[in-house]
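Every number in this text was worked out from the coordinates using simple rules, so none of it is lab data. Note that this is a predicted model, so its numbers are computed, not measured. Counting neighbours? That spans all protein chains shown, and the Cβs are built from the backbone with ideal geometry, glycine included.
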Amino acid sequence: MPGPRVIANACGRAARRALPGVAATAAITLVGSGLWLGYRFITTSERFAITTIEVRGESHLTEDQVRAAMPVTVGDNVFATNLDTVTGQLRATPWIASATAHRMLPDTLVVEIREHAAAAIVDLGALYLVDTSGHPFKRAQLEVGDGSGLPVITGLARTAYEKDPAGTAAVVTGALATLAAWTQEPGRPAIGEVHIDPHTQITLRTYDHATAIQLGPLGPPGIDLTARMRTFDAAWAELTDAERTRATAIHLDARADQVTVALAPTKD
């Protein structure tokens with residue numbers, strides 16, 4: 001049995017060895033407590049209460065609509081606000097394509113959004129707004145002005161879109177490109193509808209008199225739609241105003257250098 005002196009020496013050595021660990025533990029505890037107290041202070045202090053939510057980049061939406069879509073309001077703590085949650089909820093809003101957010105201390109939250117640019121209305125069993133990439137991004141609410149002045153693309157099956165969204169988007173972008181080429185000539189009539197049949201034959205329907213302008217297949221090699229449009233220009237220039245009003249269909253889909261004009265019978 002060791003004597004008291006031996007035991008005391010052993011205990012002293014053990015205490016000296018343990019001292020650095022005890023000191024480190026105490027230091028960590030103090031630092032952790034300080035950090036916790038600091039975090040508690042900045043996330044509860046009225047000094048960091050949000051007084052301004054600044055919205056940038058809105059166009060179709062109003063600032064109030066953007067703020068209403070956010071899970072944060074004036075008075076919330078700027079540090080307690082999760083920026084990823086804010087931007088994620090904004091991106092769930094149909095009109096918003098992307099969103100970022102950052103804090104401007106001590107009391108301002110800045111949100112920057114990029115909205116979808118509606119290029120057309122597409123009939124997919126219901127009417128949807130599509131952007132320039134051909135993808136639908138929201139149901140069109142015509143009663144509130146969604147899609148006002150935009151052409152309507154018809155003939156696409158919803159089942160085809162559900163089976164192949166990318167392929168359907170490519171058809172839509174092809175239709176938009178055709179329409180863009182059409183509008184390069186200011187003398188051509190305005191188009192209200194672009195119809196794509198199951199074989200991707202494209203027909204433009206005029207806005208004023210619903211004249212069907214059949215251009216032919218969309219996209220296959222060797223089919224020059226711009227050449228067919230020039231043939232249309234030549235034929236259209238030969239028609240009188242009365243004949244243009246009576247035109248029910250203009251066929252350009254047989255050959256690029258041929259055109260057939262169908263006229264409604266005159267009223268006696």
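Here are the numbers:
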read-out	value
Around residue 171: net Lys/Arg minus Asp/Glu count, Cβ-Cβ under 12 Å	-2
Sparse-neighbourhood loop sites, chymotrypsin sites (Phe, Trp or Tyr not before Pro) in segment 203-268 - DSSP loop, at most 15 other Cβ within 10 angstrom	207
Residues residue 133 and residue 227, FRET efficiency given R0 of 30 Å [Cβ-Cβ distance, rounded to 0.05]	0.65
Charge tally in the Cβ shell below 14 Å around residue 78, where Lys, Arg are +1 and Asp, Glu are -1, residue 78 excluded	-2
Cα→Cβ-extended label distance, 7 Å offset, between residue 92 and residue 188, nm	4.3 nm
Label-point separation, residue 112 to residue 199 (7 Å along Cα→Cβ), nm	5.1 nm
Sites residue 234 and residue 180 - FRET efficiency at Förster radius 22 Å, r taken between beta-carbons, to 0.05	0.55
